[in-house]
Amino acid sequence: MKVVKTPSSVYVLYALAIVFLCIATFEIFGCYSDIRSLIDSNDLIVSENMTFIISYYLEHVSVYFGIAFLLYAAGVISAKLNEVHQVVYQMAEKSKDK
């Protein structure tokens with residue numbers, strides 16, 4: 001059986017997923033900086049505003065994690081479909097030879 005080649009689009013999807021994970025990481029640090037500055041200026045009391053802090057993080061970071069997950073999933077699905085396509089193509093070639 002021939003080796004199944006992975007198309008370059010799969011690697012592009014994985015690379016984009018990593019880029020979005022990096023953006024999410026930077027966004028986490030940005031959120032931390034914003035919350036820390038509010039705490040330092042006494043505009044925010046942590047014990048009274050935990051829901052605000054959690055929702056602030058989720059609003060700013062979840063989009064990037066979601067996009068990264070979807071890109072990774074698209075890469076996995078694309079790779080699996082390529083494998084199936086290659087196997088079906090090889091089986092069709094073998095049946096033509098007989």
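Assorted remarks:
- Residue count for region 63-95, restricted to those that are within 15 Å of F20 (Cα to Cα) and either of a type in the set (K, R) or surrounded by 13 or more Cβ atoms within 10 Å (Cβ to Cβ) (or both): 11
- Note on region 53-62: residues that are surrounded by 13 or more Cβ atoms within 10 Å (Cβ to Cβ) and hydrophobic (A, V, I, L, M, F, W, C) amount to 2.
- Scan region 47-69 for residues that are in contact (Cβ under 8 Å) with a residue 24 or more places away in the chain and either among the aromatic types (F, W, Y) or over 18 Å from Y32 (Cβ atoms) (or both) and the total you get is 7.
- Considering each residue of region 25-32 in turn, at least one proves to be in contact (Cβ under 8 Å) with a residue 12 or more places away in the chain, out of contact with any strand residue (DSSP E or B) (no Cβ under 6 Å at 6 or more places or on another chain), crowded, with 16+ Cβ neighbours inside 10 Å and not polar (S, T, N, Q).
- Of the residues making up region 33-52, those that are surrounded by fewer than 16 Cβ atoms within 10 Å (Cβ to Cβ) and either within 29 Å of the chain's Cα centre (by Cα) or part of a helix (DSSP H, G or I) (or both) number 12.
- Pairs where the first residue, in region 1-19, is under 28 Å from E93 (Cα atoms) and the second is at pLDDT below 90 and exposed (fewer than 14 other Cβ atoms within 10 Å of the Cβ), C-beta under 7 Å, 6+ apart: M1/Q90; K2/Q90; V4/E83
The values are calculated or read from the model by the stated rules, or taken from the named source; none is laboratory data. Small disclaimer: the values here were computed from a predicted structure and weren't measured. FYI the Cβ positions are ideal-geometry reconstructions off the backbone, even for glycines, and counts take in every protein chain you see.
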